[in-house]
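Everything below concerns the one structure shown next.
The values are calculated or read from the model by the stated rules, or taken from the named source; none is laboratory data. As the structure is a computational prediction, the values presented were derived from the model and not from experiment. Glycine gets a Cβ as well: all are built from the backbone with ideal geometry, and neighbour counts include every protein chain shown. Just the protein is used for accessible areas: all its heavy atoms, side chains included, with ligands, DNA and RNA removed. Shrake-Rupley method; radii C 1.70, N 1.55, O 1.52, S 1.80 Å.
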Amino acid sequence: MTDRIEAAAAELRPLLQEFILWARENAPGSDSGLVGSVALWHRLIASDDAGRWRTADLRAVLIDRMPQVVEDPEAAAEGIVPAVRSYLTFLSDTGRLVKGSAPLRDLLTELDRIEDDVVDAMEDAVSDDDYDDEDDEQVEGLGDFEPFADELAALPTIRLRPDSELAAAARASVLIGKARDLAVWVGTARRVGEENLLTDAEIAEAVAALGFPPPAADGGPLADSVPALWNVWNLAIDLDFLQPEGEDTVSADPDAAEWPFDDDDDVLDAWLTGLHSIDYGDPELDDEEATIALSGLTRALLLRVLLAGGSKSLTDLRSELAEAAAEYDDLGAEAWAAATKRYGDPLNPVLDWLCGYGMVEVEHEHVRLTPLGTEGLVHLVDEEDIELDARPAIDAMTALDLLAFSAELPEEEADAEFDAWMELREPGQAAGELLRAAAEDDADALVRVQAASVVGSLGEAAVPAWREALDEPSLRPYAATHLAQLGIEDAPAPTQADTHWLILDMLTISAGLGRPEFVGSLDDIGPASTLVPLLDVIWKVRHPHLEELLEAIAKAHPDRQVGKAAKRALFKARSHEN
């Protein structure tokens with residue numbers, strides 16, 4: 001079912017984007033989120049065509065299905081009927097209410113008729129979601145990112161440094177170095193106790209191996225006086241430097257002693273594996289409830305530094321976080337005072353851990369995110385499914401990065417990315433990098449078309465790159481075409497096969513935009529009298545998407561002759577391949 005949902009969502013995305021633009025002028029205030037959910041479930045349970053709506057579909061989708069799937073039934077009770085009314089009007093006004101649909105007037109009449117039933121169904125869903133037990137309710141914590149989702153989404157583009165630089169910074173992590181040293185000290189098959197992992201003598205040895213000051217005996221168990229040791233122990237387990245063997249034995253992983261690793265990918269994988277250790281920076285207090293009241297403090301600090309643009313004064317952080325701790329937990333103020341008494345500043349253990357993990361630096365009473373810290377925080381935000389605009393830095397962006405990111409951006413933003421990237425290299429160099437990136441995956445038509453479009457704008461400076469691309473089957477059609485346009489005399493002329501490849505690339509892109517766009521692209525090529533002879537020969541082109549495109553033409557094109565020609569071509573293509 002997940003695959004069906006993903007496929008339907010991809011099919012509907014262009015249509016919903018057009019609805020959003022239409023609604024700005026024709027139905028402002030329409031909830032596009034509700035429309036998207038209604039359109040998706042209509043496509044999944046009621047119709048194989050997003051543009052075919054019958055009156056019975058309204059009850060099936062709005063009453064039988066939507067109360068079960070909407071995140072906020074209370075809001076949906078108020079907004080879903082007006083939103084669907086706007087959506088149906090949009091489909092009718094733009095000619096997308098296809099044959100087989102009920103007339104718009106009948107659909108709107110039915111919508112008015114069932115409106116009270118829709119509201120009742122949503123209100124019933126609200127009642128079902130209520131919990132009598134307060135423990136079942138979600139309570140925001142000090143380190144939760146979700147309350148700041150809108151602020152995170154509104155941040156300017158965050159630029160990420162290349163892996164080589166990040167790996168170099170990760171290799172310098174003091175805490176990972178200590179986790180390695182602890183693992184080396186543990187060695188092979190060290191027995192551990194049930195109540196205390198290590199004996200007092202072993203604790204003294206381990207602390208010395210890590211370069212920590214000797215633990216002070218205060219009359220209690222020595223294990224209770226070395227929280228820093230246990231935090232590094234836990235980090236070593238997180239990193240797989242230490243591995244339990246049975247119930248009472250632990251051993252160092254053979255690779256642990258090799259840290260810092262030679263390969264950049266291995267280094268970053270290890271660093272990210274241990275990223276959640278940032279929680280070990282939260283203050284630890286004698287009272288367990290007070291400790292819980294300040295849990296998430298490390299994440300809360302990172303979040304506020306990011307929202308401040310990557311740097312924030314310690315004074316402001318103390319003030320904001322003390323206020324937040326008191327707001328999120330009744331014991332927050334008391335716990336803050338206890339942490340102040342123990343550490344001098346509740347932020348001291350937080351900053352010690354974050355500095356040791358390479359995520360922040362503290363200078364002149366300001367906390368600054370390092371590039372490694374920014375990378376880690378972007379990962380943490382992404383894990384929470386929160387929107388954040390993070391991209392490689394322009395000077396660190398490869399041509400493939402540029403093409404991949406730009407494909408997801410609005411045209412103006414994409415143009416700005418290309419312009420900034422091009423300023424850092426000569427036109428001929430840029431052309432070569434872009435075309436080589438486009439050649440990496442012959443199935444990615446969108447990247448190929450983007451690269452060819454940009455390189456085509458560079459004129460004669462791109463001729464050497466185009467000549468080189470003649471040897472690449474997926475780029476030869478573009479290279480031959482552009483060299484001919486530039487009047488390069490000794491360049492090979494574009495062949496019919498080249499033209500057909502370009503057509504197949506164009507159709508591949510339009511197929512990803514949905515059925516209406518795909519059929520529109522076929523119409524752009526010409527009527528049935530043009531398409532049928534084209535299909536009779538285009539099957540000979542060894543394009544990576546040939547067979548799926550022929551299948552799509554056979555299903556989507558309204559002219560039977562074209563459909564039959566596509567099926568014949570598909571049969572020939574498969575026979576030739578076999």
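Taken over the stretch 331-353, the criterion of being hydrophobic (A, V, I, L, M, F, W, C) and touching a helix residue (DSSP H, G or I) at 6+ places or on another chain (Cβ under 6 Å) is satisfied by Leu331, Ala333, Ala335, Trp336, Ala338, Val350, Trp353.
For the stretch 489-510, the candidate set comprises residues that are touching a residue at least 12 places away in the same chain (Cβ under 8 Å) and in a loop (DSSP other than H, G, I, E, B); within that set, the residue that is least open to solvent (accessible area, probe 1.4 Å) is Ala491. Scanning the stretch 417-436 for residues that are under 22 Å from the mean Cα position of the chain (by Cα) and exposed (fewer than 15 other Cβ atoms within 10 Å of the Cβ) gives no hits.
Just one of (1) in a loop (DSSP other than H, G, I, E, B); (2) at pLDDT 90 or above; (3) not aromatic (Phe, Trp, Tyr) fails for Asp150. It is (1). In this structure, is Ser453 at pLDDT below 95, under 21 Å from Trp501 (Cα atoms) and among the hydroxyl-bearing types (Ser, Thr, Tyr)? Judged against the criteria, Ser453 is a match.
For the stretch 299-317, the candidate set comprises residues that are charged (D, E, K, R) and over 21 Å from the mean Cα position of the chain (by Cα); within that set, the residue that is most open to solvent (accessible area, probe 1.4 Å) is Asp316. Scanning the stretch 61-110 for residues that are under 14 Å from His42 (Cβ atoms) and free of Cβ contacts under 8 Å to residues at least 12 places away in the same chain yields a total of 1. For the stretch 223-235, a tally of residues being of a type in the set (A, V, I, L, M) and either open to solvent by 60 Å² or more (accessible area, probe 1.4 Å) or free of Cβ contacts under 8 Å to residues at least 24 places away in the same chain (or both) returns 2. Contact annotation: residue pairs with Cβ atoms under 7 Å, 6 or more positions apart or on different chains, pairing a residue in the stretch 528-553 that is within 20 Å of Asp444 (Cβ to Cβ) with a partner that is open to solvent by 60 Å² or more (accessible area, probe 1.4 Å) and part of a helix (DSSP H, G or I), are Glu547/Arg574.
Of the residues contained in the stretch 188-207, one or more are found to be surrounded by fewer than 17 Cβ atoms within 10 Å (Cβ to Cβ), of a type outside the set (S, T, N, Q) and in contact with a Phe, Trp or Tyr (Cβ under 9 Å, 6 or more places away or on another chain). Give the residues of the stretch 176-234 that are under 20 Å from Pro349 (Cα atoms) and among the aromatic types (Phe, Trp, Tyr), sorted by residue number. Result: Phe212, Trp230, Trp233. Screening Asp253 on (1) more than 26 Å from Val362 (Cα to Cα); (2) crowded, with 19+ Cβ neighbours inside 10 Å shows it passes everything except condition (2).
The residues of the stretch 101-117 that are in a loop (DSSP other than H, G, I, E, B) and either more than 14 Å from Thr55 (Cα to Cα) or open to solvent by less than 50 Å² (accessible area, probe 1.4 Å) (or both), listed by number, are Ser101, Ala102. Identification of helices (runs of 4 or more DSSP H) wholly contained in the stretch 262-360 with 1 or more residues that are among the aromatic types (Phe, Trp, Tyr) yields 264-273, 314-328, 332-343, 347-356.
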